[in-house]
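Have a look at the structure below, then the notes.
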Amino acid sequence: MGTRVGELVERLGGQLVGDANLEVSGIAPLAEADASHMSFLSNSKFRAQAAASGAAALIVSPADDAFVAAGFHGARIVTHNPYAYFARAAQFFAALGEVAPAPGVDASAVVAPSALVDPGAHIGPHVSVGAGAVIKAGAVVDAGCVIGPDAVIGEHTHLFANVTFHARCQIGARGIIHSGAVIGTDGFGFANEGGVYIKIPQTGRVMIGDDVDIGANTTIDRGALADTVIEDGVKLDNQIQIGHNCRIGAHTAMAGCVGVAGSAIIGKYCTFGGAAMVLGHLTIADRVHISSGSMVSRSIREAGQYTGFYPLAKNAEWEKTAAIVRNLDAMRDKIRALEKTIKTLTDPK
Amino acid sequence: MGTRVGELVERLGGQLVGDANLEVSGIAPLAEADASHMSFLSNSKFRAQAAASGAAALIVSPADDAFVAAGFHGARIVTHNPYAYFARAAQFFAALGEVAPAPGVDASAVVAPSALVDPGAHIGPHVSVGAGAVIKAGAVVDAGCVIGPDAVIGEHTHLFANVTFHARCQIGARGIIHSGAVIGTDGFGFANEGGVYIKIPQTGRVMIGDDVDIGANTTIDRGALADTVIEDGVKLDNQIQIGHNCRIGAHTAMAGCVGVAGSAIIGKYCTFGGAAMVLGHLTIADRVHISSGSMVSRSIREAGQYTGFYPLAKNAEWEKTAAIVRNLDAMRDKIRALEKTIKTLTDPK
Amino acid sequence: MGTRVGELVERLGGQLVGDANLEVSGIAPLAEADASHMSFLSNSKFRAQAAASGAAALIVSPADDAFVAAGFHGARIVTHNPYAYFARAAQFFAALGEVAPAPGVDASAVVAPSALVDPGAHIGPHVSVGAGAVIKAGAVVDAGCVIGPDAVIGEHTHLFANVTFHARCQIGARGIIHSGAVIGTDGFGFANEGGVYIKIPQTGRVMIGDDVDIGANTTIDRGALADTVIEDGVKLDNQIQIGHNCRIGAHTAMAGCVGVAGSAIIGKYCTFGGAAMVLGHLTIADRVHISSGSMVSRSIREAGQYTGFYPLAKNAEWEKTAAIVRNLDAMRDKIRALEKTIKTLTDPK
């Protein structure tokens, strides 16, 4: 349940300075690492702490290496992105301790005869797989999941317990869908006739690329006619709602509780803070960053950081400022009146 | 997998102008429709596009018909609400391609002996049905649903996979509950004694009318003593939370991520934009429309559109305006001081 | 299905004034209580209504007792916190009508041979219990729940249907987890390398104390390295999201749709209104109360009530005020200019 530092470098790269035969059992933060651990320095602010660390080995950037080397006595792995290296090393250590679920279909699962389940896939207890569905090699479908007819689960994609993945939707390779997520539920589409809503059938799909993570209890609507599309590398946290016919660009990340209304088109490499909301039919450019709790009510054509939430205050102070906000037009009118009066005073003509 | 235009008109009404024997396979948007499709014009802005459409048939309003007729060579169905007609026609086409789930109870389901499951209902794999529950004719209960004791599922109501429908709650006819929704969970009711919460049992029910749609992962609390009530025709999108003892008036629609706190009474024909929030014990009149992201913190007695969210800005601009908002009372005081000074200047008495 | 008033007082305490042999079948609000009910007065505002009540017995505070006694002819239970007494009495009556689920494991459940299920626990239909999991005496695990390997469910804790409780997480005694909740899903942790996200394994746990309630479809992330901690007596409503490595202090309560980002440390005896949001890595002191819909974007060191949401208005008025908010710095500049001009007028030197 550990490895040699040298083996790690052979797998993950980086330049090793020091003893390749040091044994490490895992990764720990700088403050907690001892002689059985590796640690990492991803923020130069903590250089002194890193130099004094008791870790067996340190992941460090070229810029910090000279400073750290002067004080640190263990091995160093020098690499340009220590945090990314840490993530990969942590994946390596986590895999050491993990027992991969055995391939095969649990006896309690109900799999339609026409479904194609790869012999290398794992289907857990009480799973249902609909007619014509395809579960590819290395996929893991945990207990209680429901896979609709003609759905496709890509290679090495992992559905945690109690996911619902509806008919005809598809996810690519190496994805993760966390528990309680619902992929491909009907979009919210109605015609109104005399106040009464008439349902518009939602016949599109959800098409999800490779390397996409979807959080617990997140919901993604199927398209009305065309498809809802989640591009490669998108990361969605828990309790996110994506409306029908949205497109989320590659490598965009959204924190928990974000909502995106229907037909919004969101660029690549964007980030959305928790509980940010996007109205429907908007277009958001690439590399747009929306702060938590902000409502996006118009399209954004230019990359950058955008924010819009009411600042928190002691309740008594908020009561005062909110009352003024309600009457800001009165305040504006007063200022205009003052300007007029002063104009008369200074320029009486 | 298609129909004659004439058959559609016989079923759905409207005035047919043109060849009743034209075959159409489905509905497509104006821009995509070809000779195998119907299309529809619901917004006069697109009259010219409709007139030039290659669709076999067009759904059109009396007001637009003369304009369209001058250019369009296919059949026309003239009707007062083309969008509602489109919804009904789309339902018709969707039903053509659909295989209704077979009546009967899947072998893996666990149904209490005292439950009454109509022979015309469908109970999917791994469903649990509690003692005394009633599942009416034509109801469809998909895989993994849990129906509590003495619950009632109305005729032709469809519960998608992994819905939890708790004890004694009821839903009427032709409803849809999407995956992951939880109906009849305990309301959030506690007494506080010295800082410690003591649970108040939640013994009411959730009573849901006919033609109600409930979105994926939406939660509706059972009443504390009296019932939580969802009236006929209400449409709730995904991830909505309805607190105990609320009443949602008929034909009200709520978009995703809306929250309604306990004992709120909401009128008929209201709409709520995504992530709108309603505090507890409020009353909202009929035909009130709340914009997305708005917090309703007082009762609303008058129909109309209401809004309250902080406008989005570039982060640097928001930093400036938010700092001013925090000190709006200081700004108000400055204006008052200016007014006073000017009064002294203009009226020195 | 009822009890003598005297028996209730023997169990729950309080000072009985009147006939101990009165039979009561349950509790009703003042306005609805008749001779078969108890009722309670927790707000002095309703003293007159209480005095005139037709209830068989009343729960009343010492301060209100003299007033009530003058008019009320039934029995009185005098106690310092009538609302807490009501909650306990309501629990007593609810338990009378309840059939406790039978101990034992449903035949359709899949329980790993190495799991330790106490013979006094109830495991419902289609439940999965992973290797090494421990389900203690009196625990109730309803239909469709999935319990991960090495998880621990404490004594008399109740998991409602379709809960997912992930590997190695623990909950103490007398807890309630409502349907659809997901405990111990991966936190949202990634390193970024050239725009692409690399997953950081989430190897911590969720550790939940005693007497904790967790609402329907609420999600709690497991820690990245250390644990996410929910202390004793915490009450979480529905659709709440708690990020990885958070700590929620004892007896803190959160209403529906609250979101707490990762590594936030929240004090004891706090309350959070619905849809309040807390950014990551913040610290919130004990006895802080956050209003509904407020975004907490900085640490709070001092107890008290805090608020921050944009006030609701008719849409036309909001359009006006929001436009001014967007340009508040222009308004501030105008005021400064006015001040300068006036300074010149009043002090021309």
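The values are calculated or read from the model by the stated rules, or taken from the named source; none is laboratory data. Here the structure is a predicted model, which is why all the values come from computation and not from measurement. For neighbour counting, all protein chains shown are included, and Cβ atoms are generated from backbone atoms with ideal geometry for every residue, glycine included.
Structure summary
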{"item": "Residue among A:A191, A:A161 that alone is in contact with a Phe, Trp or Tyr (Cβ under 6 Å, 6 or more places away or on another chain), assigned by TED's automatic domain parsing to the domain that holds A:S128 and either under 16 Å from B:G180 (Cα atoms) or not polar (S, T, N, Q) (or both)", "result": "A:A191"}
{"item": "Residue within region A:21-42 that is farther than 16 Å from A:F92 by Cα and in a helix (DSSP H, G or I) present", "result": "no"}
{"item": "Any hit, region C:277-284, residues being touching a residue at least 40 places away in the same chain (Cβ under 8 Å) and surrounded by fewer than 24 Cβ atoms within 10 Å (Cβ to Cβ)", "result": "no"}
{"item": "Candidate set: region C:150-164, residues that are of a type in the set (V, I, T) and in a strand (DSSP E or B); chosen: the one nearest to the other protein chains (Cβ to nearest Cβ)", "result": "C:T164"}
{"item": "Subset of region A:224-235 [without any contact (Cβ under 8 Å) to a residue 24 or more places away in the chain and either among the aliphatic types (A, V, I, L, M) or touching an Asp or Glu at 6+ places or on another chain (Cβ under 7 Å) (or both)]", "result": "A:L225, A:A226, A:V229, A:K235"}
{"item": "Count of region A:110-129 residues which are surrounded by fewer than 24 Cβ atoms within 10 Å (Cβ to Cβ) and either basic (K, R) or facing chain B (nearest Cβ under 9 Å) (or both)", "result": "1"}
{"item": "Positions within region C:43-90 being part of a loop (DSSP other than H, G, I, E, B), among the polar types (S, T, N, Q) and under 21 Å from B:F190 (Cα atoms), in sequence order", "result": "C:N43, C:S61, C:T79, C:N81"}
{"item": "Hey, B:S44 in contact (Cβ under 8 Å) with a residue 12 or more places away in the chain, within 31 Å of the chain's Cα centre (by Cα) and over 18 Å from B:D142 (Cβ atoms) or not", "result": "yes"}
{"item": "Where A:A66 falls short, out of the listed (1) surrounded by fewer than 22 Cβ atoms within 10 Å (Cβ to Cβ); (2) touching a residue at least 24 places away in the same chain (Cβ under 8 Å); (3) of a type outside the set (D, E, K, R)", "result": "(2)"}
{"item": "Filter result (over 26 Å from the mean Cα position of the chain (by Cα) and surrounded by 16 or more Cβ atoms within 10 Å (Cβ to Cβ)) within region B:69-82", "result": "B:A69, B:F72, B:G74, B:A75, B:R76, B:I77, B:V78"}
{"item": "Matching option when the condition is more than 17 Å from the chain's Cα centre (by Cα), modelled with pLDDT of 95 or more and more than 7 Å from every other protein chain (Cβ to nearest Cβ), among A:H281, A:H289", "result": "A:H281"}
{"item": "Residues that are more than 9 Å from chain A (Cβ to nearest Cβ) and surrounded by 20 or more Cβ atoms within 10 Å (Cβ to Cβ), drawn from region B:83-99", "result": "B:A89"}
{"item": "Total residues in region B:21-47, condition under 16 Å from B:I77 (Cα atoms) and acidic (D, E)", "result": "1"}
{"item": "Qualifying residue in region C:52-72 (condition: among the charged types (D, E, K, R) and closer than 30 Å to B:V111 by Cα)", "result": "no"}
{"item": "Count of region C:1-35 residues which are at pLDDT 95 or above, under 25 Å from C:V99 (Cα atoms) and small (G, A, S)", "result": "1"}
{"item": "Within region A:201-232, considering residues that are touching a Lys or Arg at 6+ places or on another chain (Cβ under 7 Å) and of a type in the set (A, V, I, L, M, F, W, C), the one farthest from the other protein chains (Cβ to nearest Cβ)", "result": "A:V229"}
{"item": "A:A167 under 28 Å from B:A28 (Cα atoms), more than 9 Å from chain B (Cβ to nearest Cβ) and more than 14 Å from the chain's Cα centre (by Cα)", "result": "yes"}
{"item": "Region A:296-340 - residue that is crowded, with 20+ Cβ neighbours inside 10 Å and away from chain C (no Cβ under 11 Å) and, of those, nearest to C:G293 (Cα to Cα)", "result": "A:V296"}
{"item": "Total residues in region B:170-187, condition within 21 Å of B:L225 (Cα to Cα), part of a strand (DSSP E or B) and more than 7 Å from every other protein chain (Cβ to nearest Cβ)", "result": "4"}
{"item": "Members of region C:134-149 that are assigned to a loop (DSSP other than H, G, I, E, B), over 23 Å from the mean Cα position of the chain (by Cα) and away from every other protein chain (no Cβ under 12 Å)", "result": "C:K136, C:A137"}
